[in-house]
Amino acid sequence: MPLQIPDDELQAILAVVASAENGASVAELMANGRVEFKRRTLQRRLDLLCERGLLVPQGEGRGRRYQIPEPTSDVMGTTTDQDWLSAEAREIQRLVTQPPSRRQPVCYDPSFLTSYQPNTTFYLPLATRKRLAEMGQVGITDLPAGTYLRQILDRLLIDLAWNSSRLEGNTYSLLETQRLLELGESAEGKATQEAQMILNHKAAIEMLADPTEEIGFNRYTICNLHALLSDNLMSDPAACGSIRSRPVGISGTVFHPLEVPQQIEENFLLILTKASSIENPFEAAFFVMVQLPYLQTFEDVNKRVSRLAANIPMVRHNFCPLSFVDVEADDYLNALIGVYELQRIEYLRDVFVWAYARSAQRYNAVRQSLGDPDPFRLKYRSQLGRFVREVVQAAHSEARADEWIGQHAATEIPEEDRAKFIETVEVELISLHDGNIARYRLRPSEFAQWKSNQKP
């Protein structure tokens, strides 16, 4: 009977190879602390992984290196029946869908984070990063950060809020989500927590769209994303936006997260430091999708935070956003379990790449229908939004609104742009309706009150 090689030994080899951009040689594998085999034993395991198609040898003799196979072109396409999953992703899927009793319990391993060196270690192969950049280009990289996101914000609010909530088990339909966000109407027969989850996503997405330099991989952004996403959904309100200080468990997995509060804090800061140092926006996005849930930084809502945080580099570089359109919950959750239990990123990588391809297709089409942004409106975007919002929230009548706009424009807008600015604000107010008030962070009740004060 042939000797059975433990899966964890093979997974250790694959994890080391996957973390190196150009693969690894036998010598490099033996020098890594996670691979504790004699040379001959290691070679047998490498041969087995090559036979299974999970590794590809390159070169001969001492110059031979082993690499993770590149995702097939199907990963970038729109095929069905999981044709887009690579061989290593399917292997992870097989392992994590076994009964829990057959899976080895594991604890948080800090070396999974500390061994990652920004711009040296890569979770995404070079060819994949290049392909993602091609898909995500929208032709406005020379404009201020967030320009593209704000251009498609109305559509993204619905898509991302629905898809991210759906991955958490939320049962709202896309149309029900749209009515909730645009009209404030909750769906009949649905739990109030489901509506709260979707509304929380809206607030968090709007935060990412703010034209401010404070948005980035920093404590302020990540903790406030969590506070917005978890608002009114946690038993302890003080836990919203706070780093975890107590043990937590994750259902459906044999993974045990880190428990020491000081170590959680230290690793959280290390994640932020490394993410901020990563130059490639897609690598940075995927890095936080891997590491934030793995640490379980907060008591709950960690996955939601990581999905929205993955869009931070997209906003800063004016790439198409990632809305997780068409991603199946089972694929996403099993891919994360592969990270938790095996420290393997290939399954989640395939989900990330496939999801981005789907998102890019959708939002490039949306942008083409919108046309290029008006440079004047772009220049004064924050002032335009504030003027409209304050006029409506104050429920000014038409006459009072004209007076108020003129007074404030005289002190805030340069004289050469003042007349056009006032005209643009007036056009925005005339064009305001209950289907676009989210753009100005207005509630339906505020819009209705203002509307009632206008001339019939």
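The values are calculated or read from the model by the stated rules, or taken from the named source; none is laboratory data. Every value quoted in this text rests on a predicted model; they were computed, and no experiment measured them. Here the Cβ positions follow ideal geometry from the backbone for every residue, glycine too, while neighbour counts run over all protein chains shown.
Suppose the filter is over 18 Å from Q343 (Cα atoms), out of contact with any Lys or Arg (no Cβ under 9 Å at 6 or more places or on another chain) and of a type in the set (G, A, S); does S276 pass it?
Values: over 18 Å from Q343 (Cα atoms): yes; out of contact with any Lys or Arg (no Cβ under 9 Å at 6 or more places or on another chain): yes; of a type in the set (G, A, S): yes.
Spelling it out, S276 is indeed over 18 Å from Q343 (Cα atoms), out of contact with any Lys or Arg (no Cβ under 9 Å at 6 or more places or on another chain) and of a type in the set (G, A, S).
Can you pull out every residue in the stretch 18-27 that is more than 31 Å from the chain's Cα centre (by Cα) and surrounded by fewer than 16 Cβ atoms within 10 Å (Cβ to Cβ)? Give the derivation first.
The initial filter retains those residues of the stretch 18-27 that are more than 31 Å from the chain's Cα centre (by Cα), namely 25-27.
Selection gives A27 alone.
Restricting the search to helices (runs of 4 or more DSSP H) fully inside the stretch 314-427 and requiring at least 3 residues that are more than 16 Å from the chain's Cα centre (by Cα), of a type in the set (S, T, N, Q) and outside the structural domain of V288 (by TED's automatic domain parsing) gives 381-393.
Going through (1) modelled with pLDDT of 95 or more; (2) crowded, with 16+ Cβ neighbours inside 10 Å; (3) in contact with a Leu (Cβ under 9 Å, 6 or more places away or on another chain) one by one, P118 falls short only on (3). Has the stretch 429-439 got at least one residue that is among the basic types (K, R) and within 14 Å of L183 (Cα to Cα)? Yes, the conditions are met somewhere in the stretch 429-439.
Test Y108 against the criterion of being within 26 Å of K303 (Cα to Cα), at pLDDT 95 or above and in contact with a Phe, Trp or Tyr (Cβ under 6 Å, 6 or more places away or on another chain), and give yes or no.
no
Within the stretch 155-203, the set of residues being over 15 Å from the mean Cα position of the chain (by Cα) and of a type in the set (D, E, K, R) comprises R155, E176, R179, E182, E185, E188, K190, E194.
Each row is one residue, and each column tells you yes or no for (1) among the small types (G, A, S); (2) exposed (fewer than 13 other Cβ atoms within 10 Å of the Cβ); (3) closer than 30 Å to M289 by Cα; (4) without any contact (Cβ under 8 Å) to a residue 24 or more places away in the chain.
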| position | (1), (2), (3), (4) |
| --- | --- |
| Q383 | no, no, no, no |
| R386 | no, no, no, yes |
| A401 | yes, no, no, no |
| I405 | no, no, no, yes |
| A410 | yes, yes, no, yes |
| E415 | no, yes, no, yes |
| A419 | yes, yes, no, yes |
| G435 | yes, yes, no, no |
| K451 | no, no, no, yes |
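Among the candidates V260, V290, V248, V254, the residue that is farther than 27 Å from R155 by Cβ and under 15 Å from the mean Cα position of the chain (by Cα) is uniquely V290. For V138, the conditions (1) within 27 Å of S277 (Cα to Cα); (2) modelled with pLDDT of 85 or more are fulfilled apart from (2). Scanning the stretch 429-445 for residues that are out of contact with any Lys or Arg (no Cβ under 9 Å at 6 or more places or on another chain) and assigned to a helix (DSSP H, G or I) turns up L429, I430, P444, S445.
Taken over the stretch 150-192, the criterion of being surrounded by 17 or more Cβ atoms within 10 Å (Cβ to Cβ), in a helix (DSSP H, G or I) and touching an Asp or Glu at 6+ places or on another chain (Cβ under 7 Å) is satisfied by E182 alone. For the stretch 193-234, filtered to residues that are assigned to a loop (DSSP other than H, G, I, E, B) and touching a Cys at 6+ places or on another chain (Cβ under 9 Å), the residue that is surrounded by the fewest Cβ atoms within 10 Å (Cβ to Cβ) is N232. Restricting attention to the stretch 293-315 and to residues that are out of contact with any Leu (no Cβ under 9 Å at 6 or more places or on another chain) and either within 20 Å of Y356 (Cα to Cα) or surrounded by fewer than 23 Cβ atoms within 10 Å (Cβ to Cβ) (or both), the residue that is modelled with the highest pLDDT turns out to be E299. Per the conditions (1) surrounded by fewer than 14 Cβ atoms within 10 Å (Cβ to Cβ); (2) modelled with pLDDT of 85 or more; (3) of a type in the set (S, T, Y), the sole criterion not satisfied by T424 is (1). Residues that are in a helix (DSSP H, G or I), assigned by TED's automatic domain parsing to the domain that holds A187, out of contact with any Leu (no Cβ under 8 Å at 6 or more places or on another chain) and closer than 30 Å to I437 by Cα are absent from the stretch 267-282.
Can you find a residue that is at pLDDT below 90 and buried (at least 16 other Cβ atoms within 10 Å of the Cβ) anywhere in the stretch 371-378? Before the answer, list the steps.
Kept after step one, since they are at pLDDT below 90, are these residues of the stretch 371-378: 371-378.
When the remaining residues are screened for being buried (at least 16 other Cβ atoms within 10 Å of the Cβ), the result is 373, 378.
Yes, that holds for at least one residue.
Pairs are defined by a Cβ separation below 9 Å, a sequence spacing of at least 6 or placement on different chains, a first member in the stretch 252-273 that is surrounded by fewer than 16 Cβ atoms within 10 Å (Cβ to Cβ), and a second member that is hydrophobic (A, V, I, L, M, F, W, C) and part of a helix (DSSP H, G or I); the pairs so defined are G252/L333; G252/I337.
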